[in-house]
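Following: one structure in structure tokens, then a few remarks.
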Amino acid sequence: MKKKNVLLLVLVGLLFNSFIFAYSTKDTILINQWNEKSLELAFSDPKEGLKIIEKTIAFCQKTGFVKGEAMAYIRRGITYDVISKPDKAIAAYRRAIELAQTIDYAKGEGSALNNIGLILMAENRLPEARVYFQKAFDIIRRLNNDQLLGSIANNLGMIYHETDRDEKALYWFRKSVAFKLKANDLVEVANTFANISDLYQGQNNFDSAAFYSYRAIEIYQKNNNRFHLGKSFNNLALILVKTNQGEAEKFYLQSLEIAREIENLPMQVSTSYNLSQLYRKQQKVKQEFKLLEEIYPLIQRDGTDELAYKVCFAFAVWHFNHGDKKRGDQLLEEYAEHHRNYFNAIQAKNLAEIERKYEMNQQIQANKILKKSNELKSLTIKKNKQQTILLNLIWTASLSIIALVGLGLVLWFRKRNTIRELESQKAVLEATLQERKRISFDLHDNVGSQLSYVVSNLEMLNEATQQADEAQKDRIQRTYKMSQEAIDSLRDTVWALHNSSITVDMLADKLETHARKVIDQHQSIDVQFQFSSLTNPVISPEHTMHVFRIFQESFSNIWRHAGATAVLVRLEELPSREIVMQIVDNGKGIEYTDSPKGHFGLKNMFDRASQIGGILKVERISTGGTSITLTFGGLS
């Protein structure tokens with residue numbers, strides 16, 4: 001039952017997720033369709049396009065589709081640009097940039113930056129436009145979008161050309177051509193060739209200008225791009241008019257034919273005027289009159305004052321030259337009106353630019369004043385902060401000095417007390433050493449001499465009683481032997497007491513000497529010694545005496561009870577700063593690891609090990625024999 005419930009929940013969850021995903025995809029498709037539609041309407045019906053854009057933005061905000069919202073704001077900017085509302089267009093593009101940055105939508109951000117640059121370039125705000133184009137180029141370069149990179153590079157070239165930095169302009173135009181060729185966008189390549197031709201024409205480098213115009217025309221002809229082909233024919237004719245008037249006339253006529261074909265009035269008026277001036281130079285009066293008479297009505301429809309005043313002036317000159325002063329005066333009046341309107345527009349534009357720059361400078365000055373004010377406030381805050389920090393440092397330093405002085409006094413008193421304690425301990429140690437030396441001297445001089453006297457007498461008595469009975473002689477010999485052992489034991493004690501610093505090597509020599517002395521009396525036992533020391537540490541006299549006595553007892557048991565023929569003695573210093581003394585024989589093996597009643601040898605060995613903080617192990621070897629191991633520390 002539980003498994004069925006779980007499967008049901010999983011199935012419901014999958015269906016729910018599928019529904020949400022399908023709904024989200026549907027919204028995305030719808031928003032993309034609205035954005036495409038609004039872009040089409042931006043040029044044909046901007047008002048209707050703006051309605052769709054507002055609907056798209058609202059729906060994107062509701063569904064959280066940020067990319068779609070950014071795209072909608074870009075469409076809003078394009079639409080406002082088309083209806084000549086640049087400020088609103090720039091505001092829309094900036095909002096698109098903000099949204100694109102939140103989701104790392106680089107293409108949208110780069111496109112918006114490029115479009116702002118185009119608006120600023122149209123307003124002749126070239127330095128600002130260049131900054132936006134450069135930002136757009138840096139962003140789009142990460143995407144490897146060659147087509148968009150080519151367009152931006154072309155825009156940068158136009159900026160540098162307008163500001164008379166032709167080397168930079170050529171650099172960007174050539175980059176534009178390279179990107180557009182990679183994108184296989186030949187029409188845009190031709191547009192850039194046309195820009196390069198204009199650049200060389202401005203430098204009076206007519207050969208290069210003509211070369212790039214021919215290349216542009218070749219591409220436009222292959223792609224049947226009539227508008228740009230007509231413009232290029234007109235520009236090429238302007239280049240050739242000084243060097244080859246026949247070729248220039250041919251290209252003017254081709255441009256004029258295309259202008260009439262596509263009904264482009266500005267192109268028709270411009271080309272006709274240029275051709276009429278060529279005919280005037282060639283004194284082809286009829287052809288000049290025919291062209292001027294044809295385009296005169298068109299300038300009223302075109303509404304371009306620059307072309308209008310040029311056409312009116314040229315037509316007036318023609319009438320004056322042919323005796324029609326009345327018509328010439330009328331045309332001169334029209335010329336004056338168009339000329340005044342044209343230069344008034346330029347003056348108004350220049351004044352607007354001056355006012356804009358003035359307002360910008362005012363804003364810059366206001367920003368500088370505000371910046372200075374903020375800097376002064378910041379400096380005041382910083383100064384107050386520094387004073388507070390300095391005051392805190394002074395207090396901290398004062399308290400630290402007081403603490404250090406107090407700590408120094410405490411340490412000085414501790415050091416003085418420590419020195420006193422050390423001096424006291426040193427005095428006690430020296431007194432102890434002196435007392436030990438005195439005891440060793442007393443033992444040596446008094447007890448030692450007395451035992452020596454006893455041994456001498458026993459030796460003499462032994463020689464004097466050669467004829468005595470065996471029991472008495474044996475008793476004397478045993479007493480003599482015990483006396484000699486007592487003297488040896490006394491000498492060992494004196495050695496330990498007399499030496500305040502006994503090293504492991506010294507102890508090893510002492511153990512080996514004792515063992516050799518015992519073995520000399522029992523030739524049947526073979527003894528091997530293994531001594532190793534890492535640092536040759538010092539062992540206290542107390543430790544030395546206890547270790548030596550344990551060794552004596554062990555060796556005594558071997559030759560008295562074990563019946564061994566071989567003994568291994570090992571003395572080793574461990575890395576843990578401990579000493580291991582091990583005595584192994586091949587005898588019959590010990591029958592007990594603790595002393596039975598009445599036998600205190602092993603008990604004394606364990607007691608001695610305990611007194612020096614050591615561990616004593618007495619073990620019976622399975623193959624025969626006994627192992628006695630003593631491990632102890634307390635080294636210096």
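Quick notes on this one:
- Residue check for Gly613: surrounded by fewer than 19 Cβ atoms within 10 Å (Cβ to Cβ) and either modelled with pLDDT of 90 or more or closer than 30 Å to Asn536 by Cβ (or both): yes
- Residues that are touching an Asp or Glu at 6+ places or on another chain (Cβ under 9 Å) and hydroxyl-bearing (Ser, Thr, Tyr) were ranked within the range 616-636; the one that is surrounded by the most Cβ atoms within 10 Å (Cβ to Cβ) is Thr626.
- Within the range 69-89, the set of residues being in contact with a Phe, Trp or Tyr (Cβ under 8 Å, 6 or more places away or on another chain) and buried (at least 22 other Cβ atoms within 10 Å of the Cβ) comprises Ala70, Ala72, Tyr73, Ile74, Gly77, Ala89.
- Residues of the range 508-526 satisfying the condition of being hydrophobic (A, V, I, L, M, F, W, C) and either outside the structural domain of Val569 (by TED's automatic domain parsing) or modelled with pLDDT of 85 or more (or both): Ala508, Leu511
- Scanning the range 234-251 turns up one or more residues that are crowded, with 20+ Cβ neighbours inside 10 Å, free of Cβ contacts under 8 Å to residues at least 24 places away in the same chain and among the aromatic types (Phe, Trp, Tyr).
- Within the range 252-275, if we keep just the residues that are hydroxyl-bearing (Ser, Thr, Tyr) and closer than 17 Å to His228 by Cβ, the residue that is surrounded by the most Cβ atoms within 10 Å (Cβ to Cβ) turns out to be Thr271.
- Given (1) among the β-branched types (Val, Ile, Thr); (2) at pLDDT 85 or above; (3) more than 44 Å from the chain's Cα centre (by Cα), index of the condition Ile74 fails: (3)
- Any chance Ala564 is buried (at least 16 other Cβ atoms within 10 Å of the Cβ), of a type in the set (Gly, Ala, Ser) and assigned to a helix (DSSP H, G or I): no
- Residue match in the range 538-549 (condition: in contact (Cβ under 8 Å) with a residue 24 or more places away in the chain and part of a loop (DSSP other than H, G, I, E, B)): yes
- Top-ranked residue in the range 527-556 [being under 25 Å from Asn586 (Cβ atoms) and hydrophobic (A, V, I, L, M, F, W, C); ranked as modelled with the lowest pLDDT]: Phe555
- The single condition among (1) closer than 21 Å to Ser111 by Cβ; (2) at pLDDT 90 or above; (3) among the β-branched types (Val, Ile, Thr); (4) over 39 Å from the mean Cα position of the chain (by Cα) that Ile152 does not satisfy is (4).
- Restricting the first member to the range 559-585 and to residues that are at pLDDT below 90, and the second to residues that are among the acidic types (Asp, Glu) and surrounded by fewer than 14 Cβ atoms within 10 Å (Cβ to Cβ), the beta-carbon pairs closer than 7 Å and six or more apart or on different chains are Thr565/Asp526; Ala566/Asp526.
The values are calculated or read from the model by the stated rules, or taken from the named source; none is laboratory data. Because the structure is predicted, anything quoted here is derived from the model rather than measured. Because the Cβ atoms are built from the backbone with ideal geometry, glycine has one as well, and the counts that use them run over all protein chains shown.
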